[in-house]
Amino acid sequence: QVQLVESGGGLVQAGGSLRLSCAASRLPFSLYTMGWFRQAPGKERSFVAAISRSDDSTSYADSVKGRFTISRDNAKNTVFLQMNSLKPEDTAIYYCAATLFFGRRAASEYLYWGQGTQVTVSS
(Lines give C-alpha, C1' and ligand atoms only; values in the text may rest on other atoms or scores of the structure.)
Protein backbone atom coordinates (compact mmCIF):
# COMPACT_ATOMS: atom_id res chain seq x y z
CA GLN A 1 0.00 0.00 0.00
CA VAL A 2 1.00 3.62 -0.46
CA GLN A 3 3.21 5.07 2.24
CA LEU A 4 4.08 8.69 2.90
CA VAL A 5 6.59 9.23 5.68
CA GLU A 6 7.36 12.70 6.99
CA SER A 7 10.53 13.70 8.80
CA GLY A 8 12.37 16.81 9.88
CA GLY A 9 10.05 18.21 12.51
CA GLY A 10 11.24 19.42 15.87
CA LEU A 11 11.52 22.30 18.30
CA VAL A 12 12.86 25.62 17.04
CA GLN A 13 12.91 29.18 18.29
CA ALA A 14 10.88 31.89 16.60
CA GLY A 15 12.73 33.20 13.58
CA GLY A 16 14.41 29.87 12.98
CA SER A 17 14.13 27.38 10.12
CA LEU A 18 13.24 23.77 9.57
CA ARG A 19 13.14 21.58 6.49
CA LEU A 20 10.50 18.89 6.33
CA SER A 21 10.77 15.88 4.03
CA CYS A 22 8.17 13.39 2.90
CA ALA A 23 9.27 10.17 1.26
CA ALA A 24 6.73 8.27 -0.81
CA SER A 25 6.68 4.59 -1.60
CA ARG A 26 4.39 2.37 -3.65
CA LEU A 27 3.08 5.50 -5.36
CA PRO A 28 3.64 6.65 -8.97
CA PHE A 29 5.04 9.79 -7.44
CA SER A 30 5.58 11.81 -10.61
CA LEU A 31 1.86 11.52 -11.44
CA TYR A 32 0.68 13.20 -8.23
CA THR A 33 0.46 16.72 -6.98
CA MET A 34 1.94 16.79 -3.49
CA GLY A 35 0.76 18.98 -0.69
CA TRP A 36 1.53 19.93 2.88
CA PHE A 37 -1.15 20.52 5.50
CA ARG A 38 -0.96 21.31 9.18
CA GLN A 39 -3.15 20.87 12.21
CA ALA A 40 -2.77 22.77 15.46
CA PRO A 41 -4.42 21.59 18.68
CA GLY A 42 -8.14 22.27 18.62
CA LYS A 43 -8.10 23.40 15.00
CA GLU A 44 -8.99 21.83 11.70
CA ARG A 45 -6.36 20.58 9.30
CA SER A 46 -5.45 23.40 6.93
CA PHE A 47 -3.66 23.73 3.62
CA VAL A 48 -0.07 24.97 3.65
CA ALA A 49 1.40 24.42 0.19
CA ALA A 50 1.21 22.26 -2.92
CA ILE A 51 3.43 21.51 -5.89
CA SER A 52 2.37 20.16 -9.25
CA ARG A 53 3.59 16.80 -10.45
CA SER A 54 6.01 18.31 -12.95
CA ASP A 55 7.34 20.87 -10.46
CA ASP A 56 6.25 23.82 -12.60
CA SER A 57 3.55 25.21 -10.33
CA THR A 58 3.29 25.89 -6.62
CA SER A 59 0.57 27.20 -4.36
CA TYR A 60 0.76 28.57 -0.82
CA ALA A 61 -1.55 29.59 1.97
CA ASP A 62 -1.39 33.34 2.56
CA SER A 63 -0.11 32.77 6.08
CA VAL A 64 3.11 31.12 4.85
CA LYS A 65 3.69 32.86 1.53
CA GLY A 66 7.18 34.31 1.37
CA ARG A 67 8.40 32.20 4.31
CA PHE A 68 7.83 28.61 3.19
CA THR A 69 9.00 26.93 -0.01
CA ILE A 70 7.75 23.61 -1.34
CA SER A 71 9.89 21.54 -3.70
CA ARG A 72 10.13 17.98 -4.93
CA ASP A 73 12.62 15.49 -6.27
CA ASN A 74 10.79 13.02 -8.50
CA ALA A 75 13.89 10.86 -8.84
CA LYS A 76 13.85 10.30 -5.09
CA ASN A 77 10.06 10.27 -4.62
CA THR A 78 10.40 13.01 -2.05
CA VAL A 79 8.72 16.33 -1.39
CA PHE A 80 10.18 19.03 0.84
CA LEU A 81 8.92 22.01 2.80
CA GLN A 82 11.54 24.60 3.68
CA MET A 83 10.20 26.74 6.51
CA ASN A 84 11.96 30.00 7.33
CA SER A 85 11.15 32.85 9.71
CA LEU A 86 9.07 30.50 11.80
CA LYS A 87 6.50 31.93 14.17
CA PRO A 88 4.84 30.40 17.25
CA GLU A 89 1.58 30.23 15.30
CA ASP A 90 3.27 27.79 12.89
CA THR A 91 3.26 25.22 15.69
CA ALA A 92 1.31 22.19 14.47
CA ILE A 93 1.55 18.66 13.21
CA TYR A 94 2.55 18.83 9.55
CA TYR A 95 1.25 16.26 7.10
CA CYS A 96 2.15 15.54 3.51
CA ALA A 97 -0.52 14.32 1.15
CA ALA A 98 -1.03 13.33 -2.47
CA THR A 99 -3.72 14.24 -4.96
CA LEU A 100 -4.17 13.83 -8.69
CA PHE A 101 -5.16 17.44 -9.33
CA PHE A 102 -3.21 20.65 -8.79
CA GLY A 103 -5.04 23.58 -7.24
CA ARG A 104 -6.86 21.57 -4.60
CA ARG A 105 -6.74 22.99 -1.06
CA ALA A 106 -9.35 20.92 0.71
CA ALA A 107 -8.03 18.01 2.73
CA SER A 108 -10.90 15.87 1.46
CA GLU A 109 -9.48 16.11 -2.06
CA TYR A 110 -6.22 14.42 -1.13
CA LEU A 111 -6.07 10.67 -1.51
CA TYR A 112 -3.07 9.62 0.53
CA TRP A 113 -1.66 10.95 3.80
CA GLY A 114 1.38 10.56 5.96
CA GLN A 115 1.30 10.19 9.75
CA GLY A 116 2.60 13.70 10.37
CA THR A 117 5.58 15.31 12.03
CA GLN A 118 5.41 17.74 14.94
CA VAL A 119 6.75 21.26 14.53
CA THR A 120 6.96 23.40 17.66
CA VAL A 121 8.06 27.02 17.52
CA SER A 122 8.90 28.65 20.83
CA SER A 123 8.64 32.38 21.40
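The values are calculated or read from the model by the stated rules, or taken from the named source; none is laboratory data. Everything quoted here is computed from the prediction, not taken from an experiment. Counting neighbours? That spans all protein chains shown, and the Cβs are built from the backbone with ideal geometry, glycine included. In case anyone asks, the SASA skips ligands and DNA or RNA and just uses the protein heavy atoms, side chains included. Shrake-Rupley method; radii C 1.70, N 1.55, O 1.52, S 1.80 Å.
For the pair residue 62 and residue 44, the difference between a 0.36 nm per residue extended length and the Cα-Cα distance amounts to 4.8 nm. Inter-label distance, residue 120 to residue 52: 3.9 nm, where each label sits 7 Å from its Cα along the C-beta direction. Students often get this wrong: which residues of the range 100-123 have the backbone nitrogen under 14 Å from the point 7 angstrom along Cα-to-C-beta of residue 5? The answer is 114-117. Counting only protein chain heavy atoms and rolling a 1.4 Å probe, the accessible areas of 89, 6 rank, largest first, as 89, 6. Enclosing the Cα atoms of the range 65-123 in their convex hull gives a volume equal to 111 cubic angstrom per residue.
Each peptide among 109-116, 91-98 gets the average number of other Cβ atoms lying within 10 Å of its residues, and from highest to lowest they stand as 91-98, 109-116.
Could you please put 26, 45 in sequence from largest to smallest accessible area, using a 1.4 Å probe?
Putting 26, 45 in descending order of accessible area: 26, 45.
Taking K and R as +1 and D and E as -1, what net charge do the other residues with C-beta under 15 Å from the C-beta of residue 54 add up to? Present the calculation step by step, with values, prior to reporting the outcome.
On the way: positive: 53, 72; negative: 55, 56, 73.
Overall, the nearby charge balance is -1.
With a probe of 1.4 Å, find how much accessible area the range 16-68 has per residue, and write the answer as a whole number in Å². Don't jump to the answer; show the numbers that get you there.
Working: 2580 Å² over 53 residues.
Heavy-atom accessible area per residue stands at 49 Å².
Element breakdown for the chain at a 1.4 angstrom probe: carbon and sulfur atoms account for 47% of the accessible area. In summary, the convex hull built on the alpha carbon positions of the chain has an orientation-averaged projected area of 6.8 nm².
Please calculate the 1.4 Å probe accessible area of residue 62, with all protein chains present, and give it to the nearest 10 Å². Spelled out: residue 62, probe radius 1.4 Å, area about 130 Å².
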